[in-house]
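Every number here is computed from the coordinates shown, using simple stated rules; none is lab data. Since the structure is predicted, the reported quantities are computational estimates derived from the model, not experimental observations. Cβ atoms come from the backbone with ideal geometry, glycine included; neighbour counts cover every protein chain shown.
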Amino acid sequence: MRTLATLLCLFTFAATGLADDAKLKALIVDGQNNHGVWPKTTQMMKANLIDTGLFTVDVTTTEPKSTAGFAPEFKNYDVVISNYNGQPWPKETQAAFVDYVKSGGGFVVVHAANNAFGNWPEYNQMIGLGGWGGRNEKSGPYVYFDHEDKLVRNTDKGSGGHHGAQHPFQIVVRDAEHPVTKGMPKAWMHTKDELYDLLRGPGENMDILATAYADPETGGSGRHEPMLMTIEYGNGRVFHTPMGHADYSMECAGFITTLCRGAEWAATGKVTQPIPSDFPTADKESKRTAK
């Protein structure tokens, strides 16, 4: 006869697909961010990851005006998601994070997390490209696609990081064979967001999965700018999206899908999640109202 504990375990597996001890362990880092909505967007990302049935999710939060004593046990997680843009972490924490990713840990960079730590060389290597935070030509080239769809590494002088007015914009998939983007339509509409442009950095071991055209009519650069990227850092995998400025931006079904698929890929190197039926099309947005 099956014990009550066994039955409960089977029920949990049937309801979520995996028992908790078999799920991927994710950690979201937050606590300081120039975007005041960060407490809500952290909870939105946590809920979306949990809804896949693949993840358990913890959140670690710095003090509002200090990172003293901030020392997460990164090694206990399969993937770390950053919703953080603030003061430098303690040197010991920085070293532990570098070791975590180099040793095969997964890392996901969301929106303003690419503004963080402009003077931390290893972090800039991890994220590929970044903006603001004192970044300039010393940080690395501007990387984008030109009007002939050629990848450009532009070493012109200038600051890193800019965006025009918020608006919906079309995402164009550049690498349709990568596990994160495989099965997506060639183009799809992302809902109202900041379209980061003029990002610059080392851009090494980086694959640009998708771009968006930063239209000068909305204050953009006039270039196709990276919107989904992967970076290899040591044995680690990094997924980077500059999208996700606000809660309404994160309600996009395309953002949710790429976040969850990107997190799974960063953690395992594979993606098992299908493209959902409500995924945006080339000319139509699709939103899921946050719970």
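Net charge around Arg153, counting only other residues with Cβ within less than 13 Å of its Cβ (Lys, Arg = +1; Asp, Glu = -1)?
Once positives and negatives cancel, what remains is -1.
How far is helix 91-102 tilted off the main Cα axis of the chain, in degrees rounded to 10, range 0 to 90?
80 degrees
Divide by every residue of the chain the summed helix terms, -39500 (n - 2.57) for each DSSP H run of at least 4, and state the resulting mean residue ellipticity at 222 nm, rounded to the nearest 500 deg cm²/dmol.
The per-residue figure over the chain is -7000 deg cm²/dmol.
Which GluC sites (Glu not before Pro) in region 181-255 sit in a loop by DSSP (not H, G, I, E or B) and have at most 12 other Cβ atoms within 10 Å of their own Cβ?
Answer by residue number: Glu204.
Just name one of Met44, Ala210, Ala187: the one whose Cα is farthest towards the positive end of the charge dipole of the chain (beta-carbon charges, Lys/Arg +1, Asp/Glu -1).
Positive-most Cα among the choices belongs to Met44.
Below 8 Å, C-alpha to C-alpha, sequence gap of six or more: please give me the relative contact order for the chain in percent.
18 percent
Take every DSSP beta bridge with both residues inside the chain and express the antiparallel ones as a percent of the total, to the nearest 5.
60 percent
If Lys and Arg each add +1 and Asp and Glu each add -1, what is the summed charge of the other residues whose beta carbon sits under 12 Å from the beta carbon of Lys40?
-1
Provide the net charge surrounding Thr218, with neighbours chosen by a C-beta distance below 14 Å and charges set as Lys +1, Arg +1, Asp -1, Glu -1.
Residues near Thr218 contribute -4 overall.
What ranking do Glu177, Glu225, Glu122 get, fewest neighbouring Cβ atoms within 10 angstrom at the top?
With the fewest neighbours first, Glu177, Glu225, Glu122 line up as Glu177, Glu122, Glu225.
Sorting Phe279, Phe107 on the 10 Å Cβ count, fewest up front, what's the list?
Phe279, Phe107
For Ala47 and Thr289, compute 0.36 nm times the residue count separating them, minus their Cα-Cα distance, and round to one decimal in nm.
Extra length available between Ala47 and Thr289 comes to 85.9 nm.
Would you mind pulling out the separation of the Cα centroids of region 195-266 and region 39-108, in Å?
For region 195-266 versus region 39-108, the Cα centre distance is 19 Å.
From the C-alpha coordinates alone, can you work out the Kirkwood hydrodynamic radius of region 107-210, in Å?
Its Kirkwood hydrodynamic radius stands at 14.6 Å.
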